[in-house]
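Data block below; observations after.
The values are calculated or read from the model by the stated rules, or taken from the named source; none is laboratory data. What you see is a predicted model; the values in this text were computed from it and never measured. Here Cβ is always computed from backbone atoms with ideal geometry, including for glycine, and neighbour counts include all displayed protein chains.
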Amino acid sequence: MSNHVYFDMHEGARGNTYRVVGRIETDEGRGYTLDEWINRGGNATVYRCTEEGTGDEYAIKILLNDGWKSAKRFFREVKLLKSLTSPHVTRYRGAGKMKLASRSTRKVPFMVMELADQSLQEYMVYRKRRIAYEEYAGQFRGLAQALADLHKLAIHRDIKPENVLISGDRWLLSDYGLCALLKPVGAELTQANQNVGPKFWLSPEAHNRRVGCADVICEASDVFQLAAVFWYVATGRHPSGVLAHSDWTGPTKLFDVLYRSLSHNVHARPADGAEFLRQLEESLES
């Protein structure tokens, strides 16, 4: 594709059309063409794209929000994804900036990554039946390992079924735009009384911050969110309210670890992804 080629980018969620000027090329030197629109989040839109030369398909995430905080989060996500090597994390392919005709001389950042088949939420809703233990047990282990690896660098803060993607036979922890860096410590980009995380999957700490408490969202908050997703997968129901053993309909061996991990007392949960993985493995092997 030459630098004089134009093509339109139709953002399905909002009906906007942007004209991309020239060739889409990552900093790594790989060229891409855009295909159909996939989804939109709070700050970015996602398309399917095709790599020139190989014909391989990927997802391309494009930042369309002009705010400096959004840009800071986006570049933080790129950096994290490049650093994470777990097989249960979305694979990074490249990043760069593209020119949009509607944005004057400003270039818009983008990131190319593994293309998933669907989200866990889509899989759960359209499957219309419970997922078998034999299918999800290994995926639970893989996602817990991915969280343990992430906690060496950052706190996710946005774990929900929509942010667990399915690619072939792998479930992937994805979407690192709300991460808070641990190493190196990054500036907090969220106000004290602002929602931090997914509306229906917030940890107790995140809820308490919204009502003026001084709770700190930490690694154990991620454990709560991932355990909530696991409970949902194993039972087909959201772990709302005060849980009891009678609410559990999954395998007996998994109840204790998930029940502890969903405690409202942050100190009663596994402290981080590594401890959650250890306890989960003990339960799976019992």
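The C-beta contact set for the range 242-258 (first residue assigned by TED's automatic domain parsing to the domain that holds ALA227, second residue in a helix (DSSP H, G or I) and of a type in the set (S, T, N, Q), distance under 6 angstrom, 6+ apart or interchain) comprises THR249/THR235; GLY250/THR235; LYS253/SER283; LEU254/SER283; VAL257/GLN279; VAL257/SER283. Looking across LYS61, LYS99, LYS72, one residue alone is out of contact with any Lys or Arg (no Cβ under 7 Å at 6 or more places or on another chain), touching a residue at least 40 places away in the same chain (Cβ under 8 Å), assigned to a strand (DSSP E or B) and basic (Lys, Arg). It is LYS61. Hey, can you tell me all the residues within the range 39-62 that are farther than 12 Å from MET113 by Cβ and basic (Lys, Arg)? Of everything in the range 39-62, just one residue is farther than 12 Å from MET113 by Cβ and basic (Lys, Arg), namely ARG40.
For the range 235-258, the set of residues classified as over 16 Å from GLU162 (Cα atoms) and small (Gly, Ala, Ser) consists of SER240, GLY241, ALA244, SER246, GLY250, listed by residue number.
Condition check ((1) in a loop (DSSP other than H, G, I, E, B); (2) modelled with pLDDT under 95; (3) within 24 Å of the chain's Cα centre (by Cα)) across all residues:
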| position | (1), (2), (3) |
| --- | --- |
| SER240 | yes, yes, yes |
| PHE255 | no, no, no |
| HIS264 | yes, no, yes |
| ALA271 | yes, no, yes |
| ALA274 | no, no, yes |
| ARG278 | no, no, yes |
| GLU282 | no, no, no |
| SER286 | yes, yes, no |
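Here ALA206 meets each of (1) modelled with pLDDT under 90; (2) in a helix (DSSP H, G or I) with one exception, condition (1).
When the residues of the range 180-203 are narrowed to those that are modelled with pLDDT under 70 and either over 23 Å from LYS79 (Cβ atoms) or polar (S, T, N, Q) (or both), which ends up surrounded by the most Cβ atoms within 10 Å (Cβ to Cβ)? Show your work before the answer.
The initial filter retains those residues of the range 180-203 that are modelled with pLDDT under 70, namely 185-196.
Retained after the next criterion (residues that are either over 23 Å from LYS79 (Cβ atoms) or polar (S, T, N, Q) (or both)): 190-195.
Details: THR190: 16, GLN191: 9, ALA192: 11, ASN193: 10, GLN194: 10, ASN195: 13.
Among them, the one singled out is THR190.
Mind checking which residues of the range 43-58 are in contact (Cβ under 8 Å) with a residue 60 or more places away in the chain and either of a type in the set (Gly, Ala, Ser) or buried (at least 20 other Cβ atoms within 10 Å of the Cβ) (or both)? Selection gives ALA44, CYS49.
Of all residues in the range 154-173, which are part of a loop (DSSP other than H, G, I, E, B) and crowded, with 24+ Cβ neighbours inside 10 Å?
To start, the set of residues in the range 154-173 that are part of a loop (DSSP other than H, G, I, E, B) comprises 156-160, 168-169.
Across the range 154-173, the qualifying residues are HIS156, ILE159.
With the structure loaded, tell me whether THR85 is within 23 Å of ASP149 (Cα to Cα) and part of a loop (DSSP other than H, G, I, E, B) or whether it fails that test.
Values: within 23 Å of ASP149 (Cα to Cα): yes; part of a loop (DSSP other than H, G, I, E, B): yes.
Yes; evaluated as a whole, the condition is true for this residue.
Candidates in the range 138-153 are the residues that are out of contact with any helix residue (DSSP H, G or I) (no Cβ under 6 Å at 6 or more places or on another chain) and in a helix (DSSP H, G or I); of these, the one that is surrounded by the most Cβ atoms within 10 Å (Cβ to Cβ) is LEU143. Test TYR18 against the stated conditions and say whether it is over 30 Å from PHE140 (Cα atoms), aromatic (Phe, Trp, Tyr) and in a strand (DSSP E or B). Yes.
Evaluation of VAL125 against the conditions (1) without any contact (Cβ under 8 Å) to a residue 60 or more places away in the chain; (2) of a type outside the set (S, T, N, Q); (3) not assigned by TED's automatic domain parsing to the domain that holds TYR176 shows that the sole unmet condition is (3). Taking the range 209-238 as the range and being modelled with pLDDT of 95 or more and acidic (Asp, Glu) as the test, the residues that pass are GLU219, ASP222.
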